[in-house]
Amino acid sequence: MMSFDTQKRAKKIVEIITAKLDPDLMSSRFDKPIAKVAGEFECEVKYPVTHKDFHKVIADFVRQIYEKALKTSWMLTDPLDEAILLLENGYNSFLYGPGYTGAILHANDIEKGGIQAVLTGLARAINDIERQKYIDGILTWHLHGCSWDLQCEIAQVILEDYRPFIPPQLCKCVPAQLVDVIPTIMQKYIESHFTLQGISFLSHL
């Protein structure tokens, strides 16, 4: 039998997590500023785009996103390396395939958006990565270190309040069986809310 204090703490933790991961708050923190800086970014390139010009544009773009949109307290030591890594891990062109190679091929296809299409994909990759880092940080901060009883009570709160976002097979579980998947359920809830509200990074571009 859980104590009233434990139940109260569990509800408070879930409320805090939900508030910090509110769709409007997340959009204001990531989607809107990144889209704004991306939309204001100016570059002049000649086609076909050379590797040198491509590298200069993506490095400048990434640096501006982190400095002006995300307002990071640290500076990128090598914006080009960061840009290439972002493209390699987070860029995918339906026309030319994933990664850096797909990006530079797409950059030279003027009819399909050229370099601007690549920059949009690069901005989306940054947005996705930084949002996920923030979400993981919030969940870890508030859930790590909770006692077993408190984790079970948090799972009970989630069972009661987030049932529509929980797979049917998990709804049959007792709270103790859901402790390990609390972050996954919260993540699913966040993603579903963004979908229901029609909130997406691209809607701000």
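The table below gives the values:
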read-out	value
Positive-pole candidate from Pro23, Thr120, Tyr47, dipole of the chain, charges at beta carbon	Pro23
Summed residue charge, Cβ within 14 Å of Ala38's Cβ, Lys/Arg positive, Asp/Glu negative	-2
Residue (of Ile129, Met186, Leu87) at the positive-pole extreme of the chain, dipole from beta-carbon charges	Met186
Relative contact order %, the chain, counting alpha carbon pairs below 8 Å whose residues are six or more apart	28 percent
Options (1) 138; (2) 285; (3) 157 - which one matches volume of the Cα convex hull per residue in Å³ as calculated here	(1)
GNM top mover of Glu82, Glu40, Glu111 - the chain, alpha-carbon springs below 10 Å	Glu111
Helix 51-64 axis, angle to the chain major axis (alpha carbon atoms, nearest 10°)	40 degrees
Qualifying trypsin sites (Lys or Arg not before Pro) in the stretch 48-117, DSSP loop, other Cβ atoms within 10 Å at most 12	Lys71
Cα-centre dipole for the chain with unit charges at Cβ (Lys and Arg positive, Asp and Glu negative), debye to 20	320 debye
Net lengthening on full extension, Leu76/Thr50 (0.36 nm per residue, minus Cα-Cα)	7.0 nm
Which of His142, Ile65, Leu105, positive extreme of dipole for the chain (C-beta unit charges)	His142
Residue among Gly102, Gly113, Gly145 with the largest mean-square fluctuation in a Gaussian network model of the chain, springs linking Cα atoms under 10 Å	Gly145
Residue among His51, His142, His106 with the largest mean-square fluctuation in a Gaussian network model of the chain, springs linking Cα atoms under 10 Å	His51
Model label zone, Gln7; criterion: amide N under 18 Å from point 7 Å along Cα-to-beta-carbon; scope the stretch 141-155	149-155
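Bear in mind that the values in this text are calculations on the coordinates, not laboratory data. Just so it is clear, the model here is predicted, and its values are computed rather than measured. Quick reminder, even Gly has a Cβ in these numbers, built from the backbone with ideal geometry, and neighbours come from all protein chains shown.
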